[in-house]
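The values are calculated or read from the model by the stated rules, or taken from the named source; none is laboratory data. Values in this document were obtained by computation on a predicted structure and should not be read as measured data. Don't worry about glycine lacking a Cβ; one is built from the backbone with ideal geometry, like all the others, and counts go over all protein chains shown.
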């Protein structure tokens, strides 16, 4: 058990999160950090990896600004993984050193740093461009989900994007907004493009998009259910108590796991952690982590 954690249950702005990441890479010299791109406002999007780079399980969090608690949870898990590798100790009965033989884990703690900072700090996160966010949100920042340009990252992937835009229009979502607008074209946003390019240029065997909230696991895209998907989903559900489900209406299509499944025909999952109204209280991060720790660890060997 780690008695002096790097990652605490606090609302991290992205610069502070990057500082924590840098401290972790100094302590755990086997933890590899790379920048996969930058946000609209020029903030770093970091990926952290350990294990074999020839076959990664990819975990990406904080697609939506108000879901910044997912960064805390996934980083708590990464810290435990690193401790387990360094000290050759198990997590939930799983020997991580052995589990990573021939396999790797890559974690992107925050896909949408601009949106998370807006949710935490409000317009102050945008500097001289604060007026643009104030105009878009009418002062309601906490539930902000989009990136700085008002594009919902998880509606911006090229998987059923046109059909999703039709749904958005019918709901009156016509342009940039705090959430649910998928952009004027798929993969138009630097955050989306960075994640897509990462998957195109690396051997990613499966992906896990970490969202909040609902305590559910989505594991398919339409009728596409790549081999191993159902078995992995069932085992994760059994371990966590999270229900298996299928997205409907405006939640179907345009998302990262949808794109990955369609593009690569490999398993992709969306895990909605915790329960309540976003943003979930940050002091619940440890409890949520305890709830999903074994499931996340198990997923590395499936």
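Kindly provide the set of residues from segment 193-216 that are part of a helix (DSSP H, G or I) and free of Cβ contacts under 8 Å to residues at least 60 places away in the same chain, ordered by number.
Within segment 193-216, 200 is the sole residue that qualifies.
Could you tell me which residue of segment 231-249 is surrounded by the fewest Cβ atoms within 10 Å (Cβ to Cβ), considering only residues that are modelled with pLDDT under 95 and either on the phi > 0 side of the Ramachandran plot or touching a strand residue (DSSP E or B) at 6+ places or on another chain (Cβ under 7 Å) (or both)?
249
Name the strands (runs of 3 or more DSSP E) wholly inside segment 1-61 in which the number of residues that are touching a strand residue (DSSP E or B) at 6+ places or on another chain (Cβ under 8 Å), touching a residue at least 12 places away in the same chain (Cβ under 8 Å) and at positive phi is 1 or more.
32-38, 44-51
With the structure loaded, tell me whether residue 132 is touching a residue at least 60 places away in the same chain (Cβ under 8 Å) and in a helix (DSSP H, G or I) or whether it fails that test.
Criteria not met by residue 132.
Do we find that residue 143 is on the phi > 0 side of the Ramachandran plot and assigned to a loop (DSSP other than H, G, I, E, B) in this structure?
no
Against the definition (surrounded by fewer than 18 Cβ atoms within 10 Å (Cβ to Cβ) and in contact (Cβ under 8 Å) with a residue 24 or more places away in the chain), how does residue 252 come out, yes or no?
No, not satisfied.
Report yes if residue 143 is in contact with a helix residue (DSSP H, G or I) (Cβ under 9 Å, 6 or more places away or on another chain), closer than 24 Å to residue 280 by Cα and surrounded by fewer than 19 Cβ atoms within 10 Å (Cβ to Cβ), otherwise no.
Details: in contact with a helix residue (DSSP H, G or I) (Cβ under 9 Å, 6 or more places away or on another chain): yes; closer than 24 Å to residue 280 by Cα: yes; surrounded by fewer than 19 Cβ atoms within 10 Å (Cβ to Cβ): yes.
Yes; evaluated as a whole, the condition is true for this residue.
Here's the yes/no breakdown for (1) over 18 Å from the mean Cα position of the chain (by Cα); (2) closer than 17 Å to residue 119 by Cα:
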position: 12; (1), (2): no, yes
position: 19; (1), (2): yes, no
position: 31; (1), (2): yes, no
position: 35; (1), (2): no, no
position: 46; (1), (2): no, no
position: 55; (1), (2): yes, no
position: 82; (1), (2): yes, no
position: 91; (1), (2): yes, no
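Out of 175, 150, which single residue is assigned to a loop (DSSP other than H, G, I, E, B), out of contact with any strand residue (DSSP E or B) (no Cβ under 6 Å at 6 or more places or on another chain) and under 20 Å from residue 61 (Cα atoms)?
Values: 175 fails: under 20 Å from residue 61 (Cα atoms).
Every option except 150 fails the conditions.
So residue 287 ticks every box in (1) without any contact (Cβ under 8 Å) to a residue 40 or more places away in the chain; (2) buried (at least 23 other Cβ atoms within 10 Å of the Cβ) but one. Which box is left unticked?
It is condition (2) that residue 287 fails.
Inside segment 217-230, can you point out the residues that are farther than 21 Å from residue 102 by Cα and in a helix (DSSP H, G or I)? Outline the logic, then answer.
Filtering segment 217-230 for residues farther than 21 Å from residue 102 by Cα gives 217-226, 230.
230, the sole residue that qualifies.
What's the number of the only condition in (1) over 27 Å from residue 263 (Cβ atoms); (2) touching a helix residue (DSSP H, G or I) at 6+ places or on another chain (Cβ under 7 Å); (3) modelled with pLDDT of 95 or more that residue 105 fails to meet?
Result: residue 105 fails condition (1) only.
Quick check on segment 149-164. Is at least one of its residues more than 26 Å from residue 222 (Cα to Cα) and modelled with pLDDT under 95?
Within segment 149-164 (the criterion being more than 26 Å from residue 222 (Cα to Cα) and modelled with pLDDT under 95), the answer is no, since none of the residues qualifies.
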